[in-house]
Amino acid sequence: MTHHLVLPLIIPLVTGALVILAGRRRLAARAITFVGMTTDLVYALYLLWLVWNEGIQVSALGDWPLPFGIALTVDLLSATMLVLAALMGWVVLLFTFVTIDPERERFGFYALYQFLILGVSGAFLTGDLFNLYVWFEVMLISSFGLMTLGGERDQLEGGLKYVVINLVSSTFFLIAVGLLYGATGTLNMAHLATILAEAESTRLISALAMLFLLTFGIKAAIFPLFFWLPASYHTPPAAVTALFGGLLTKVGVYAMFRVFTLFFVEQPPYIHTLLLILAGLTMVVGVLGAIAQNNVRRILSFHIISQIGYMIMGLGLAGVLGLAGGIFYVIHHIIVKTSLLMIGGALEEISGTGDLKHMGGQLRERPWLAFLFLLAALSLAGIPPLSGFFSKLTLLSAALDQEQYAIAAVSLGVSVLTLFSMTKIWAEVFWKAAPLPAPSPAAEPAPAAVAPYWNLVAPAAILVTLSLLLGLGAGPALEFASAAATQLSVPAEYVQAVFGIQ
């Protein structure tokens, strides 16, 4: 039994507590958070290595017999998500050191940051549906704190929309959990897989499947439940947007992958068709919303929605190839989207605005930033040999194999429109000449100092390099994604790992 699986929960919890004890000492809080995130990343990498070499890892907390005790279960998918969560937390932390203002740092920013990582890690680790609900709530509380910390008007408006719709989602989640427990007598995911596999298709089970789809669909921001994301994600500091854009919606996607491959496999029978329809609509609405925007972070926020559609497409296609494409796309998107949002934040920091009309000249003044944006944007659009191309190619191959020509055509069309909207940012921010500064009165205070250029660029450069390596090493990456997809497509392996420890 592997009791060390609790470490991804203990590390951010202890780190957050130590940051609170550090009080308003900014340098101490920074050092504690950096050490905590580094430790978390090292352990997550070790855990991924362990699962790859030894199979699914399970820990029954308190040695209570399963399914009555709380189980922590880590397969290849959850281990990968833990690594990505720790990696994004570590890289974005470097970006916060140069972009977050001292006042936010003194008033609990790093503690909230760690508690958010705690909630995300718990959601990836748990093998119990009620505990998944608990970790969603931890994530909601800490993310709301990060979104509104600073008390600016736009933040409070965006935070209100964010928290209200997520509380609605949580209510649906709790109702679904209660009804499922009443119908089956258990909330352990492995136990649910065995019970529902033998159950006849009933209206109650079909209704529960739809209720979970609604719940996780809100969290993942799929059509038509996406409206809260572009209304809120552009309002907090750029570092917070980067962390949210890379991680939070992917927790909803992960939950959908988990429940619809483990225990809602055949009920209702039309679920995969519905998922494909929702995936296509999510792609189209997201990319059209991005084209209509004129603010860098709002464009990138709408692209989060659009790209979620590709992940749901992989789940809807099912089968090893479809799931592998979806998993590969999740990995690619977390890395690329986080890098793009940090680049967007760096551009706002340099220009003093995110409005495309008032930006320009960055290709001449900051060619390295332009180069990083170009690589990340082309990867998002699916241009070879970058990671976005191979993840989309895998999904397209799965769609054609299953003769799902409509979703294949939609995915190709959305890729073209994604390239168009990225070209819009390129033309306005990098290609056109810098706008002439407006004359300012002598009494007007001097603008705030901009962080050193390379400190702004380095965190995004790390992720863009990873994206490039992921594309160049697409063969091994796809092999890994296929192994994770194979585990998902064989629920018996998950069930045996959970109950085999007793």
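Just check segment 80-166 against the gyration tensor rule for me: Cα atoms, a ≥ b ≥ c as the square roots of the eigenvalues, rounded for a/c under 1.5, and otherwise prolate or oblate depending on whether a/b exceeds b/c. Note, shape of segment 80-166 comes out oblate. Listed by chain and number, the aspartates and glutamates whose alpha-carbon sits under 18 Å from that of residue 392, ignoring those within fewer than 8 places in the same chain, are 401, 403, 479. Our summary gives segment 171-245 a relative contact order of 25 percent, counting only alpha carbon pairs under 8 angstrom and 6 or more residues apart. A simple spin-label model places pseudo-atoms 7 Å from Cα toward Cβ; at residue 10 and residue 63 they are separated by 1.6 nm. Between 0 and 90 degrees, rounded to the nearest ten: what's the tilt of helix 474-489 against the longest Cα principal axis of the chain? With both axes taken from Cα atoms, the answer is about 40 degrees. Which net charge results when you count Lys and Arg as +1 and Asp and Glu as -1 among the other residues whose beta-carbon is under 13 Å from that of residue 435? Once positives and negatives cancel, what remains is -1.
Summarise the accessible area of the chain (1.4 Å probe, protein heavy atoms) by the percent that is carbon and sulfur. Using a 1.4 Å probe with all protein chains present, the chain comes out at 69 percent carbon and sulfur.
Per-residue extension of 0.36 nm, minus the Cα-Cα distance of residue 161 and residue 364, leaves a gain of 69.2 nm for this segment. Estimated from the Cβ-Cβ distance and a Förster radius of 41 angstrom, the FRET efficiency linking residue 50 and residue 433 is about 0.15.
Ordered from largest to smallest accessible area (heavy atoms of protein chains, 1.4 Å probe), the residues 198, 152 come out as 198, 152.
Straight-line reach from residue 357: which lysines fall under 24 Å, measuring Cα to Cα and dropping same-chain residues less than 8 apart? Correct list for residue 357: 337, 424, 432.
Between segment 68-105 and segment 324-354, the alpha-carbon centres lie 15 Å apart.
Spatially, segment 284-313 and segment 147-198 are offset by 24 Å when compared through their Cα centroids. Per residue, segment 26-159 exposes 35 Å² of accessible surface when a 1.4 Å probe is rolled over the protein heavy atoms with every protein chain present. Rolling a 1.4 Å probe over the protein heavy atoms leaves residue 56 with an accessible area of roughly 30 Å².
Using a Förster radius of 56 Å, what is the FRET efficiency between residue 227 and residue 35 based on their Cβ-Cβ separation? Nearest 0.05, please.
So, using R0 = 56 Å, E works out to roughly 0.90.
Based on DSSP H segments of at least four residues, each scored -39500 (n - 2.57), the chain has a per-residue ellipticity at 222 nm of -25000 deg cm²/dmol.
Using the Cβ of residue 483 as centre and a radius below 13 Å, the other residues enclosed give a net charge of -3, where K and R count +1 and D and E count -1. So for the chain, what percent of the C-alpha to C-alpha distances run longer than 33 Å? Result for the distance tail: 35 percent. Sequentially through segment 219-234, phi angles give Karplus couplings (6.51, -1.76, 1.60; θ = phi - 60°) of 4, 8, 6, 8, 5, x, 10, 9, 4, 5, 5, x, 7, 10, 5, 8 Hz, Gly and Pro residues having no value and appearing as x. Once both labels are positioned 7 Å from their Cα atoms along Cα-to-Cβ, the gap between residue 195 and residue 266 label points is 1.9 nm.
Relative contact order, percent, of segment 91-206 when contacts are C-alpha pairs under 8 Å separated by at least 6 residues? Relative contact order for segment 91-206 comes out at 23 percent. Summary value for the chain: 16 percent relative contact order, contacts being C-alpha pairs under 8 angstrom separated by 6+ residues. Extension gain, residue 168 to residue 134: 0.36 nm times the residue separation minus the Cα-Cα distance gives 10.8 nm.
Once you have the Cα-Cα distance between residue 154 and residue 28, take 0.36 nm times their residue separation minus that, and quote the gain in nm to one decimal.
Length gained, residue 154 through residue 28: 42.4 nm.
The values are calculated or read from the model by the stated rules, or taken from the named source; none is laboratory data. All values derive from a computational prediction rather than experimental measurement. Neighbour counts run over all protein chains shown; Cβ positions are idealised from the backbone, glycine included. Only protein heavy atoms, including side chains, enter the accessible area calculation; ligands, DNA and RNA are left aside. Shrake-Rupley method; radii C 1.70, N 1.55, O 1.52, S 1.80 Å.
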